[in-house]
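The values are calculated or read from the model by the stated rules, or taken from the named source; none is laboratory data. All of these numbers come straight from a predicted model, not from anything done at the bench. Note: ideal-geometry Cβ built from the backbone for every residue, glycine included; neighbour counts use all protein chains shown. Protein only, heavy atoms only, side chains kept; ligands, DNA and RNA dropped before computing areas. Shrake-Rupley method; radii C 1.70, N 1.55, O 1.52, S 1.80 Å.
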Amino acid sequence: MSTSRVLTWDVPAGRGYETAWAELDGDVLRARGRAVATLPEPYWISYELETSADCVTRRLRVTAETAARSRSLDLRHDGRGGWTADGERLPAFDGALDCDLGRSPLTNTMPVLRHRLHRVAGERRLLMAWVSVPDLTVRPSRQTYTHLARTPGGGGRVRFASATFRSDLDFDADGFVVDYPGLATRVAG
C-alpha cells in the first residue's frame, strides 16, 4: 500500500519550519524536504531521502545554505552496512542502517517503522549516521528507541534517547512524528 503525505513541522529548536513530501510504499520511504531556521545561524536546507526495503537508508542528499557558504552532502549506504560521504568511506558507521538529519523529525520514522515501535512493545539500540545542520558534518550517534504506549488514532509514543538527551515522541499511525518535545511539532499533514 502506498501513502503520500505532505508534512510540515514547527521546529522551535532551530526557530524554523520543515516541510517534507513523503511517499511510503510498503516498507520503502522516499522523501524530499526543505527546512529554514535561524539557529545556530540563519540557514535553509534541501534534502532528498531514499530508503530500500525495511526503511533502511540508501541515500541522503542535502544542501545547506548560510550567508557565508553553500555546502552539499551525498551520504550513501551500500546495503551491506558500509557508508560513504561524498565518495569517502566512513568505517566508523559500519553496521548502521539509518541516517539522522539534525533537527529533522522525518528521519526518526525509519527505525520506528522498521521495528513497528509505534505499535508494539520493544526497545532497539541503534548506531546512526547523524548529520548536523547547517555544517553537514556526519558523526556516529548511538540512539535508543523504546515503545511506551499506543495513542489514539493508531499511533504510538516512543522514547528517544541519545547520550544524556531523552524525549518521548508521538507518532501517527503511518509512523511519522506528530510531536517531538523540545524539537518539533507537526502543524500540517
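For the chain, the share of DSSP beta bridges that are antiparallel, to the nearest 5, is 95%. Accessible surface for the stretch 1-88, divided over its residues, is 52 Å² per residue with a 1.4 Å probe. Here the contact order of the stretch 1-102, divided by its residue count and restricted to Cα pairs under 8 Å and six or more residues apart, works out to 15 percent. Rounded to whole numbers, the Karplus 3J(HN,Hα) couplings from phi for the stretch 128-141 are 10, 8, 8, 10, 7, 10, x, 7, 6, 6, 9, 10, x, 9 Hz, using 6.51 cos²θ - 1.76 cosθ + 1.60 with θ = phi - 60°, and x at Gly and Pro. For residue 148, the residues whose amide H sits under 5 Å from its own are 157, 158, 159, ignoring neighbours fewer than 5 places away on the same chain, with H placed 1.01 Å from N.
Ignoring ligands, DNA and RNA, please state the percent of accessible area on the stretch 17-142 from carbon and sulfur, probe 1.4 Å.
Values: 2840 of 5870 Å².
C and S fraction of accessible area: 48 percent.
Rounded to the nearest 20, the Cβ-based charge dipole of the stretch 1-80 about its Cα centre (Lys and Arg +1, Asp and Glu -1) stands at 240 debye.
The listed residues 70, 167, 52, once ranked by accessible area (1.4 Å probe) with the largest placed first, stand as 70, 52, 167. Toward the positive end of the charge dipole of the chain, with +1 on the Cβ of Lys and Arg and -1 on the Cβ of Asp and Glu, the farthest Cα among 45, 75, 145 is that of 145. Coupling constants for the stretch 31-39 follow from the phi torsions by the Karplus curve (6.51 cos²θ - 1.76 cosθ + 1.60, θ = phi - 60°), and in residue order they are 8, 9, x, 9, 9, 10, 8, 10, 10 Hz; glycine and proline get x. Once Cα extents along the principal axes in Å is calculated for the structure shown, the corresponding label among (1) 66, 46, 31; (2) 56, 37, 34; (3) 45, 36, 36 turns out to be (3).
Take peptides 128-139, 74-85 and line them up by average Cβ neighbours within 10 Å, highest first, as a rough protection proxy. Spell out each step's value before the answer.
Details: 128-139: 20.1, 74-85: 16.1.
Peptide ranking by packing, descending: 128-139, 74-85.
Here the 3J(HN,Hα) profile of the stretch 6-13, calculated from phi with Karplus coefficients 6.51, -1.76 and 1.60 at θ = phi - 60°, is 10, 10, 10, 10, 7, 10, x, 4 Hz, Gly and Pro shown as x.
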